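As structure tokens, the structure follows; a few thoughts come after it.
The values are calculated or read from the model by the stated rules, or taken from the named source; none is laboratory data. Please read these numbers as outputs of a predicted model, since none were measured by experiment. So basically every Cβ, Gly included, is an ideal-geometry build from the backbone, and we count neighbours across all protein chains shown. The protein model used for the area step is the full one, side chains on, heavy atoms only, and it has no ligands, DNA or RNA in it. Shrake-Rupley method; radii C 1.70, N 1.55, O 1.52, S 1.80 Å.
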Amino acid sequence: MTAERGPDGRAIVRAQVINTGGRALDLSGTLKLSSASGSLSAGPYQVQLGTSLAPHQSEPVMIPVTDEVADGPWRATLELKSGLLVKKFHAKIRFPHGQGIAPAAAVDAEASGGVALKALVPGILLLVTALVIAGVCVRRLRSGRTAGV
């Protein structure tokens, strides 16, 4: 993720998005900024994307910051969505004082949506298995009572 200022002094955040999955992504998203102290925030700003992103392809995204913001440092949270899949990327960025591009910032990723659904499936399977075992035990107990009468 990089922070930059255009010739007009406007702040812009850029990121390179890579589709590491096996399906095309129709991405939408927002960027939020919060100051390092947590007392200031800005956004959300809409992410400007191109077309669908095919598997194993990469595409730059640009997020114009429409408010006048200080140089920072800022904690940037970029949230990208495609269907049920939601990914958040966090980076500590600082905008240049004048026109130019700041060095790229390291990004931490956090996933939800699709991952949460994948975690739910084993839980449902475990619950169904427990109900089947309980049903078998109840039937054995009932058949044991009637056989002894």
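On the given criteria, is E59 surrounded by 13 or more Cβ atoms within 10 Å (Cβ to Cβ) and at pLDDT 90 or above?
In short, no.
Across the range 88-110, which residue is modelled with the lowest pLDDT among those that are surrounded by 13 or more Cβ atoms within 10 Å (Cβ to Cβ) and under 20 Å from G21 (Cβ atoms)?
In this case the residue turns out to be V107.
Looking at the range 58-108, what strands (runs of 3 or more DSSP E) fall wholly within it and have at least 2 residues that are touching a residue at least 60 places away in the same chain (Cβ under 8 Å)?
The qualifying strands (runs of 3 or more DSSP E) are 74-82, 85-93.
Consider I18 carefully, then state whether it is among the hydrophobic types (A, V, I, L, M, F, W, C) and under 18 Å from E110 (Cα atoms).
When the stated conditions are applied, I18 passes them.
Are any residues in the range 70-82 open to solvent by 20 Å² or more (accessible area, probe 1.4 Å) and more than 12 Å from the chain's Cα centre (by Cα), and if so, which ones?
Hits for the range 70-82 are A70, D71, G72, P73, R75.
Which number in (1) in contact with a strand residue (DSSP E or B) (Cβ under 9 Å, 6 or more places away or on another chain); (2) touching a residue at least 40 places away in the same chain (Cβ under 8 Å) marks the one condition that L40 misses?
L40 satisfies every listed condition except (2).
Working only within the range 5-28, note down all residues that are among the charged types (D, E, K, R) and either more than 15 Å from Y45 (Cα to Cα) or surrounded by fewer than 14 Cβ atoms within 10 Å (Cβ to Cβ) (or both).
Once the filter is applied, which keeps residues that are among the charged types (D, E, K, R) and either more than 15 Å from Y45 (Cα to Cα) or surrounded by fewer than 14 Cβ atoms within 10 Å (Cβ to Cβ) (or both), the range 5-28 yields R5, D8, R23, D26.
Within the range 27-41, track down each residue that is more than 14 Å from the chain's Cα centre (by Cα) and either modelled with pLDDT under 90 or farther than 12 Å from V69 by Cα (or both).
Once the filter is applied, which keeps residues that are more than 14 Å from the chain's Cα centre (by Cα) and either modelled with pLDDT under 90 or farther than 12 Å from V69 by Cα (or both), the range 27-41 yields S35, A36, S37, G38, S39, L40, S41.
Out of curiosity, is L85 open to solvent by less than 30 Å² (accessible area, probe 1.4 Å), aliphatic (A, V, I, L, M) and at negative phi?
No: the conditions fail for L85.
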